[in-house]
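To start, the structure itself, in structure tokens.
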Amino acid sequence: MFKIMRKKILVIDDDDDFLSELHETLILSGYDTIAVNDGSAAFRIAREVKPDLILVDIRMNGLNGFQVADKLNQYVETSDIPVVAMSGHFTEEEHLHLMDILGIKALIRKPFRPLDVITHIEKFTKEDSEL
């Protein structure tokens with residue numbers, strides 16, 4: 001008997017309505033999803049849960065998405081987790097250098113369609129599913 005392993009996705013955004021909607025969308029799409037509205041709490045959860053991918057809003061109160069990505073890179077147990085940023089305020093071109101330094105794989109512009117985020121999740125977690 002085979003057990004299908006669902007990918008764990010950590011979503012971080014301080015907009016509770018957006019966070020709830022994305023959380024529900026990802027669950028309905030077959031992902032184990034943890035939704036957190038605080039960058040500091042999300043960092044602690046990432047170290048415990050070790051998700052397959054992290055979606056993080058760039059512009060948040062407290063730790064912003066860049067700071068979360070930087071902290072994740074500082075620890076062996078989280079440095080290899082793919083991070084995809086989300087933003088309605090910035091373009092990838094505006095922050096390409098910083099994203100590269102921090103290891104952020106991509107930026108998804110808000111608002112986005114559910115298929116856009118699922119495409120990014122599959123793209124950056126594909127190696128795990130092929131093993």
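Only residues that are closer than 20 Å to ALA106 by Cα and either surrounded by fewer than 20 Cβ atoms within 10 Å (Cβ to Cβ) or in contact with a Lys or Arg (Cβ under 6 Å, 6 or more places away or on another chain) (or both) were counted across segment 36-57, and they come to 4.
Within segment 81-93, the set of residues being at pLDDT below 90, more than 14 Å from ASN64 (Cα to Cα) and surrounded by 13 or more Cβ atoms within 10 Å (Cβ to Cβ) comprises GLU92 only. Please identify the pairs in which a residue from segment 56-76 that is over 15 Å from ARG44 (Cα atoms) has its Cβ atom under 9 Å from the Cβ atom of a residue that is in a loop (DSSP other than H, G, I, E, B) and hydrophobic (A, V, I, L, M, F, W, C), counting only partners at least 6 apart or on another chain. Here the result reads ILE58/PHE90; ARG59/PHE90; PHE66/ILE58, each pair linking segment 56-76 to a residue that is in a loop (DSSP other than H, G, I, E, B) and hydrophobic (A, V, I, L, M, F, W, C). Residues that are in contact (Cβ under 8 Å) with a residue 60 or more places away in the chain and either farther than 12 Å from GLY65 by Cβ or surrounded by fewer than 18 Cβ atoms within 10 Å (Cβ to Cβ) (or both) within segment 11-24 comprise PHE18, LEU22, listed in sequence order. Going by the structure shown, is GLU77 over 19 Å from PHE124 (Cβ atoms) and surrounded by fewer than 14 Cβ atoms within 10 Å (Cβ to Cβ)? Answer is no for this residue.
The values are calculated or read from the model by the stated rules, or taken from the named source; none is laboratory data. Since this is a predicted model, take the numbers as computed values, not measurements. Methodologically, a virtual Cβ is constructed for each residue, glycine included, from the backbone with ideal geometry; neighbour enumeration extends over all protein chains shown.
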